[in-house]
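Contents: one structure, followed by commentary.
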Amino acid sequence: MNHWIIAPILLPAIMAPILLMSARHDIVLARVFSLASTVALLGIALALGSMVGDGQILTYALGNWVAPFGIVLVADRLSVLMLVLSALLALAVLFFAIDGGDRDGRHFHALYQFQLMGINGAFLTGDFFNLFVFFEVLLIASYGLMVHGGGPARVRAGVQYVVINLVGSTLFLIAVGMIYSVAGTLNMADLALKVPQVVAADQALLQAGALLLLLVFCIKAALVPVHFWLPGTYANAPAPVAALFAIMTKVGAYCVIRLYVLAFGEEAGAAAWLAAPWLLPAALVTLTLGMLGVLAARRLGQLASFAVIGSMGMLLTGIALFTPAALAAALYYLLHSTLAGAVLFLIADLIARRRPGLDDQLAPAPRFAQQSLLATAFFVAAIAATGMPPLSGFVGKLLILDAARASALAATIWTLILGTSLLAIIGFGRAGSTLFWKSTAQPGSFPAPASGNVLALVAIGLLLAGNVALTLFAGPLTAYLEATAQQVFAPHRYIEAVLGNTVLPGGLL
């Protein structure tokens, strides 16, 4: 049993109360502790990545209770990939917050660490009830972060966010109860063994529970028709919070991959590939509506929010094909879209700070401080987000298009992906020309901000550099992701790693 597996959960869980008790009145001390914890978290995630890089699957039984009777944490290529991505994003976003945004309200850094604890736990858990617990941890922390700094618009968006997620949590419990009533287990590996054995009389209840759980994950992933909460929430959240939230939609996508390949995949009998007929149409509609929203946006924050929705449609289109090649392409696009979506919110915030009275409205205005630098950052981010060559968005879309050629809906998928890419290019082009090019025709200028926002610019540079790195190292990275997808589509390896030689009731493995 490898004890390092629990460290990504334990570290922020310990650091958060330390920040509450020892550093709540000293912002400098809070920043030092939070930054040190996040750097250590990245180091742990990378170390776990090296451990699972050869295909090994590591497990950790809490309380030394043998699975499936106890709670188990599982680290494989997929879960550790998500840990590394979360830690990289969290570190860059923390630089941006330290530039001043963390002063707007109380307990920012403690809530930030609790949020990381919930996210990491969701990626590592091998038990569905424990997944619900970690969902609640990250959601409670996100409620506090959402209203950080206050303001009527932020509070209204926060109330909507709370209500939607409370509904999602209720549905989660109902779905888990339905599945447990017929399968008798909530351990993911054990569920993969029990689902094929569910008798025909109980199939309706099992499949209803699984589809209800799919709805819950789609709420987290902002998939149509349960996407409506995201634009208002992300556009009104503090910029570093909105940027960190870019990984939260990916938690929903991760859960879809984990459950509907492991437990409801090829070996699931009557429930095999249960999610496929529902997920692909919803993903394509989400992609279309998201990019139409980009075209219609009137504020830069709204544009970034709808771009996140569109990118989730693209990502889940790849996942919904349920093939190793498509999953590898989707994982590459997941990495790209997380970084590209996060940096858009940070850029929007810096622009809004420099245009008092107009904020992030897509309207002509006088020139502002560091306009050329921010215009360059927006241009690079727009190229990545719209999927134009040569950056990672283009590579990710190309991989998904190639993987979709074997699908019966290949023509529809290609048409929608290419068509929505054009909509995104027009939307981002309109926004950029309005903000940066038309501004030269306006008299006067805005006053320079009190600080140069050096750390904020460093955070933006790190995220943009991440997109460039995804492009430069696309070859070895796609090879790693292909191996990751192959491991996901070999559920017996996951089951053997979790259950080992344990003899379960009924003579199962």
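Just so it is clear, none of the values below were taken in a lab; they were calculated from the coordinates. The shown structure was predicted, so the numbers you read here are calculated from the model rather than taken from an experiment. Note that we place each Cβ from the backbone using ideal geometry, even for glycine, and neighbour counts take in every protein chain shown.
Fully extended, how many nm does the chain gain between ILE426 and PHE228 (0.36 nm per residue separation, minus their Cα-Cα distance)?
69.0 nm
Sort 264-272, 385-393, 20-28, 208-216 by packing, meaning the average of other beta carbons within 10 Å per residue, with the highest value first.
The most tightly packed comes first, giving 385-393, 208-216, 264-272, 20-28.
Taking 0.36 nm per residue of sequence separation and subtracting the Cα-Cα distance, how much length would be gained by fully extending the chain between ASP202 and THR323, in nm to one decimal?
Gain on stretching ASP202 to THR323: 40.8 nm.
Could I have the simple spin-label model distance between SER181 and LEU215, label points 7 Å from Cα toward Cβ, reported in nm to one decimal?
Between SER181 and LEU215, the simple spin-label model gives 1.5 nm.
Calculate one ³J(HN,Hα) per residue across the range 334-344 by plugging θ = phi - 60° into the Karplus curve 6.51 cos²θ - 1.76 cosθ + 1.60, and present them in order as whole Hz with x for glycine and proline.
Result, rounded to whole Hz: 4, 4, 4, 5, 5, 5, 5, x, 5, 5, 5.
What lysines sit close enough to LYS397 to cross-link, taking a C-alpha to C-alpha distance under 27 Å and skipping anything fewer than 8 places away on the same chain?
LYS220, LYS250
Going 7 Å from the Cα of ARG493 along its beta-carbon direction, which residues of the range 465-483 have the amide nitrogen within less than 15 Å of the resulting point?
479-483
For the range 243-306 and the range 386-419, compute the distance between their C-alpha centroids and round to whole Å.
16 Å
Output ³J(HN,Hα) for the range 360-376: one whole-Hz value per residue in order, computed from phi by the Karplus curve 6.51 cos²θ - 1.76 cosθ + 1.60 with θ = phi - 60°, and x for Gly and Pro.
In residue order, the calculated couplings are 9, 4, 7, 9, x, 7, x, 5, 10, 4, 6, 4, 5, 5, 5, 5, 5 Hz.
Once you order the gyration tensor axes a ≥ b ≥ c over the Cα atoms, which shape class does the range 87-166 get: rounded for a/c under 1.5, otherwise prolate or oblate by comparing a/b with b/c?
oblate
Could you work out how far apart the two model spin labels at GLU136 and ALA408 are, taking each label as a point 7 Å from the Cα in the direction of the beta carbon, and quote it in nm?
Each label point is offset 7 Å from its Cα along the Cβ direction, giving 4.2 nm.
Can you tell me the FRET efficiency between GLU266 and ALA296 if r is taken as the Cβ-Cβ distance and R0 is 35 Å, rounded to the nearest 0.05?
So, using R0 = 35 Å, E works out to roughly 0.30.
Once both labels are modelled 7 Å past Cα along the beta-carbon direction, what's the ALA363-TYR143 spacing in nm?
Placing both labels 7 Å beyond Cα along the Cβ direction yields 3.6 nm.
Computed FRET efficiency, Cβ-Cβ of VAL468 and LEU91, R0 25 Å: what is it to the nearest 0.05?
FRET efficiency, VAL468 to LEU91: 0.90.
Please state the shape class of the chain: rounded when a/c is under 1.5, otherwise prolate if a/b exceeds b/c and oblate if not, all from the C-alpha gyration tensor.
Prolate, since a/c reaches 1.5 and a/b exceeds b/c.
Over the Cα atoms of the range 187-334, how large are the radius of gyration and the largest Cα-Cα distance (Dmax), in Å?
For the range 187-334, the Cα-based Rg and Dmax read 16.4, 53 Å.
Using only Cα atoms, tell me the angle between helix 27-52 and the longest principal axis of the chain; keep it within 0 to 90° and round to the nearest 10.
So the helix axis and the longest Cα principal axis differ by about 40 degrees.
Where does the chain land at 222 nm, in deg cm²/dmol rounded to the nearest 500, when only DSSP H runs of n ≥ 4 count, each adding -39500 (n - 2.57), divided by all residues?
-23500 deg cm²/dmol
Please give the Cα centre distance for the range 452-501 versus the range 100-129, rounded to the nearest Å.
20 Å
Nearest 10 degrees, 0 to 90: what angle lies between the long axis of helix 7-22 and the longest principal axis of the chain (Cα atoms)?
The angle comes out near 50 degrees.
Which peptide among 186-198, 305-317, 371-383, 354-366 comes first, and what is the full order, when sorted by highest mean count of other Cβ atoms within 10 Å?
305-317, 186-198, 371-383, 354-366
What share of Cα pairs, in percent, lie more than 20 angstrom apart in the range 1-121?
Above the 20 Å cut-off, the range 1-121 has 45 percent of its Cα pairs.
If r is the Cβ-Cβ distance from SER433 to ALA153 and R0 is 35 Å, what FRET efficiency results, to the nearest 0.05?
0.85
Relative contact order of the chain: what whole-number percent is it, with Cα pairs under 8 angstrom and at least 6 residues apart?
Here the relative contact order equals 15 percent.
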